[in-house]
Structure formats: C-alpha cells, structure tokens
Amino acid sequence: GCVLVVSVIEQLAQWHNSTVKAAVERLCDYIPGKYQIMHHMSCCIDREMNADVVCHSLKLCKHDPGQPLCHLYSPPKVSWFPIFLKTTDCGMSFKLELSSLEKSFMGFSSVCAFPLLANLCEKIKYVLKNKLPFEDFDGDKFSTFPTLRGYHWRGRDCNDKNTTVYPGRRPDNWDVKSDSNCNGIWGVDPKDGIPYEEKFCKGADSKGVVLLGDSAGAHFHIPPEWMTVTQMSAKSFANLPMAFSDELDWPQFSEITGFLNSTIGGWTDSLYLRLRKRNRCNHRDLQNISQNVYFPINIAPYLSFSLARNQLLDNPTIVIYATIGNDVCNGERDTLAHMTTPKEMLSNVVQALRYLDSHLPNGSHVILTGLVDGRFLWDNLHDRYHPLGQLNKDVTYSQLYSFLDCLQVSPCSGWLTPNETLRNLTAERALQLSNVLKEIARSEKFANFDIFYMDFPLRQTAEEWRKMGGEPWQLIEPVDGFHPSQIAAALGTGITWQKVLHKWPQVLGKENPFNNQIEALFKDQGGH
C-alpha cells in the first residue's frame, strides 16, 4: 500500500513538475474524502528516491530477518536508510512522527479507514461472508440496490416487500394482476383477454443463468487510471465508492451475467444477454455467485445460503461452474503443496453437484468449465511495463510479480513467476483438474439436470482477437496482470455461445417467436 501511494505521489509531482506537497494535495483533490496519512507522508517523500526506499525508511515496509528484501523498483547501490535521513527534510522530525505515522498508515491500509468508505465496512463484511445482498428487505435474496451484492450480481427485484416476487420464478396465475417474476410481462391483452405472460411465455422454455465462479467470474478489475498519472483526474476516482462496495468486481459487465454497457473499456457481451435476446421472457433471471479468494475454494458449503432457486416454483436454469484458477493459484512459497489435488477436486465438485441436484428445478443444465492455462500470462506480459512503470519505464510485470511473490500476496505464485519449470508444473496440475471435471461430466448422472464439460476458451479467444488486429496482452487486466480483461470476457462469450449452440442446443432453449411483440408492448408501456 505504501509503495503504491508513494509511487503515485512521486509520479504526480514529476508529471506536473510540482513539489511533493502539491502532488499530495492534487491526489487528495482527486480522491473522494481526505486522507490525513498522505499529509503525514509528504514531508518524508523525496522525488529523487523510489517508493521502496521511502517506505522501508519509514518502516511502513519491513524486512524480516532471514527473509528476502521485497522491492518493486531496482534497488539503489547504496544503503537506503542513511541516505534517506541525509537527503530529506524528515531528519530530526522523522523519529518523532514515526509512531503516529505507523498508526495512521496501518489504519489507511484497511478500506475501513477511508472516510467515504468507513460506513460501508460492516456491510462489506456481511456480503463477503454471505454472498447475499445487503439491502434485501423481504429476504428473497434479490435487491433493488445495485451494489453490496445487489442487482449488479443478481436480477433486480421488482417488489422488495414481497418474498414471493423475484426474478426467475414461474408466473403466479400468469401474472394477470402483477409481475411476480420481474421480467416486465404482466397484465391481460384487452383484445382477447389472454394474459400477456401466457401468450408470450407459455411453452417458451424460459430459463435463467447462474455462475458459480472465482474472481475471474466476478470480473475483478482495478481501473488503470487510478495509478497512471498521465490519465489521472478527479473523474478517474468517481467510481471508487461503487467499486469498493462491489469488492472491486464488475459483474454487471462480466462474461456470464453482464447486462450493462461497459464503462471500463471494451464492450459487454454475456451469456445472460444472449439468453435474453433469444427469449425475452428470461429478463432479469441471473445470479453471479462468485468470490475473490486466492486459494482453493469448495463451492458446496456456501451454496446453501447464497443460491436462490426454488425447485417447485422456479424456472430451470443453466449453471456455469467456472473456478478457472483458484485450485492451482495461491501465494504460498511452496505453492505446489497448496494446490487442490485431483482427489480433492472430485470430492468438492461432486458435493456441489449433489446439492444442486436437490435444489434446481427439473430440466436444468450444468456446464463445468476447465481451468485456464495461465502460462499465457507470463508469456505475454513479463517484459511489458506495468501502469506504475509506464512514465519512467522502470516497472515491468516481471518486477511486479516478483514483488507480490516476495510479500507472499501473489494471486498465483505458480504462474506469475520467472521459474519456467514451476509454470509448467502448475499448468500440468491445472490440466489434471480439468480432466477430473471432464470425467465427472462423462460419468455422473443427476435427476434434475444434465451435465457437460467445456475447456476454457483462452486459445480461441486469443486467435479471435488477433484476427481483429489486437495483441494478446490486451486480454489481461493491466493492473493486476492476472485476470481476463473486458475484451477477453466479451470475446469469450461469443466463443462459448457458439460451442454450446453447436454441441448442446437444448441447453440454450428455443428462440421465442414473440420477442418482437414483447418489445413492442414494452415501448407502448413506456419501456418499463
């Protein structure tokens, strides 16, 4: 945290040819709220020293005995601390301020210390634990509030005071009097007395989509303009409160459940949007149950309180099971020992599938997605400059990966490493786990859904992007150098859709011949 903040401040001072103090003020003006820690730090930052030197000298970054010295920038050839004391104005005041500075920065390192975000802390803790909307007055697991696991993650509730009204349910008495499933279709056609829901959606094979995923499925994204000073302005941070209350995820633009036009580059295309286009009765029937963790996850335990599907009252759904990296990704030094084994994978996935079989409506479908080959990351990024290094050409992704790995906070030590042998071993384990999923799809049978397997379409996505004139590195998130970008998500949707349509057309359902009439009706009613 210190290295990031100091880097941005120093680069702001350089870019605007200003003092460090002026750069701090500029950054404080950009970011909603005021952060006293930055003012504390300003006296101790020197534009001529890199952020590692400053932060280690302030003892905000530490070097444990017997552990490697973690640094993002190339280290100076002289001892850091004496030079720091001699070349800054901190000198005598340094020791006096250090105690309060440490306390301030330790608080700053938590999102709870951000004044504008402090009141979100308890709410964020709740949604992190439960994967459920914080604002849900009727307890049906759907919300009228966008963030905090609200309708950015699940279809928007149309009556948050009635627990029997929510997206995805079968219509109550053909929704003659009100919209019980929130797809916007209700009432009676005055011309013939037939309910609109019955006329347009009866026998239409309506179904929703549920994603069980990891941070890639949640669509983790840190805006590069937050740390690229040449692009930085007050506008850059306007979405900061929303981003934090969505856990730095953007599911509303994601590959499976995206439904809004992207504001983070690229464009939005999703399985949900295509299902909705195919059958307008599917409107709002989506759930993104994904989480940001950098260790193997067993999905089964949290399905019981996070999945919203009534076996008797609701429409069937398509479940996408896509933990594409967590089972081989962790930040441990002995990363291989902490990866999921094939035996553990089999147990975890079958446990989740058995739960789904007892809760999904009959006629549902499950698609197991294989793990990604993450060697793509190092191969396409390691010698490129990270946003923090673009101004001075001094931080590559290789340096970033080594820094995170040294701090033991790497999102994937097995792939984000210069060790080619380790990258290959990680890819080998990922393939083993994908083969487990493939075998489950081949051999296991369930009463309420059929089950399929498909490889993660990274290679096809890269080929498609090259045909469009793009470069492979643009398919990776620029800040973390790890997750699929918005472009990758949109392209992946088209490839997945075509594969499913070709191999398992029954999964997607038939095209609704009344789609145009439904849209015309919506326009007549003012678009509601």
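The values are calculated or read from the model by the stated rules, or taken from the named source; none is laboratory data. Just so we're clear, the structure is a prediction, and the values are computed from it rather than from any experiment. As a convention, Cβ positions derive from the backbone with ideal geometry for all residues, glycine included, and neighbour counts pool all protein chains shown. Just so you know, the surface numbers come from the protein's heavy atoms only, side chains and all, with ligands and any DNA or RNA stripped out. Shrake-Rupley method; radii C 1.70, N 1.55, O 1.52, S 1.80 Å.
Taking segment 194-229 as the region of interest, how many residues are in contact with a strand residue (DSSP E or B) (Cβ under 8 Å, 6 or more places away or on another chain), in a loop (DSSP other than H, G, I, E, B) and open to solvent by less than 30 Å² (accessible area, probe 1.4 Å)?
4
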Only residues that are more than 35 Å from the chain's Cα centre (by Cα) and charged (D, E, K, R): list them for segment 176-196, please.
K177, D189, K191, D192
Look through segment 35-88, keep the residues that are within 14 Å of I9 (Cβ to Cβ) and open to solvent by 70 Å² or more (accessible area, probe 1.4 Å), and return whichever of them is modelled with the lowest pLDDT.
R47
Selection from segment 191-237 of residues in contact (Cβ under 8 Å) with a residue 24 or more places away in the chain and of a type in the set (A, V, I, L, M) yields A204, V209, V210, L211, L212, A216, A218, I222, M227, V229, M232, A234
Under 6 Å by Cβ, and 6 or more places apart or on different chains, what pairs join a residue from segment 252-264 that is more than 15 Å from Q287 (Cα to Cα) with one that is surrounded by fewer than 24 Cβ atoms within 10 Å (Cβ to Cβ) and of a type outside the set (A, V, I, L, M)?
N261/T268; S262/T268
Please verify whether T417 is free of Cβ contacts under 8 Å to residues at least 60 places away in the same chain, assigned to a loop (DSSP other than H, G, I, E, B) and open to solvent by 10 Å² or more (accessible area, probe 1.4 Å), treating the condition exactly as stated.
yes
Cβ-Cβ below 7 Å, separation at least six or inter-chain, first residue in segment 1-29 and in a helix (DSSP H, G or I), second surrounded by 15 or more Cβ atoms within 10 Å (Cβ to Cβ) and hydroxyl-bearing (S, T, Y): which pairs?
V20/S42; K21/S42; V24/S42; C28/Y35
In segment 277-329, which residues are open to solvent by 40 Å² or more (accessible area, probe 1.4 Å), within 23 Å of H359 (Cα to Cα) and outside any loop (DSSP other than H, G, I, E, B)?
P301, S304, F305
Restricting segment 369-397 to residues that are basic (K, R) and either over 21 Å from the mean Cα position of the chain (by Cα) or outside any helix (DSSP H, G or I) (or both), the residue that is farthest from Y73 (Cα to Cα)
R384
If a residue has to be among the small types (G, A, S), farther than 14 Å from A488 by Cα and touching a helix residue (DSSP H, G or I) at 6+ places or on another chain (Cβ under 8 Å) to count, how many in segment 433-474 make the cut?
1
Qualifying positions in segment 124-165 - touching a helix residue (DSSP H, G or I) at 6+ places or on another chain (Cβ under 8 Å) and either among the polar types (S, T, N, Q) or outside any loop (DSSP other than H, G, I, E, B) (or both)
I124, N130, T147, T164
K499 is checked against (1) free of Cβ contacts under 8 Å to residues at least 60 places away in the same chain; (2) charged (D, E, K, R); (3) buried (at least 18 other Cβ atoms within 10 Å of the Cβ) and fails just one. What number does that condition carry?
(3)
Those residues of segment 230-276 which are in a helix (DSSP H, G or I), over 24 Å from A204 (Cα atoms) and open to solvent by 50 Å² or more (accessible area, probe 1.4 Å), in sequence order:
A234, K235, M242
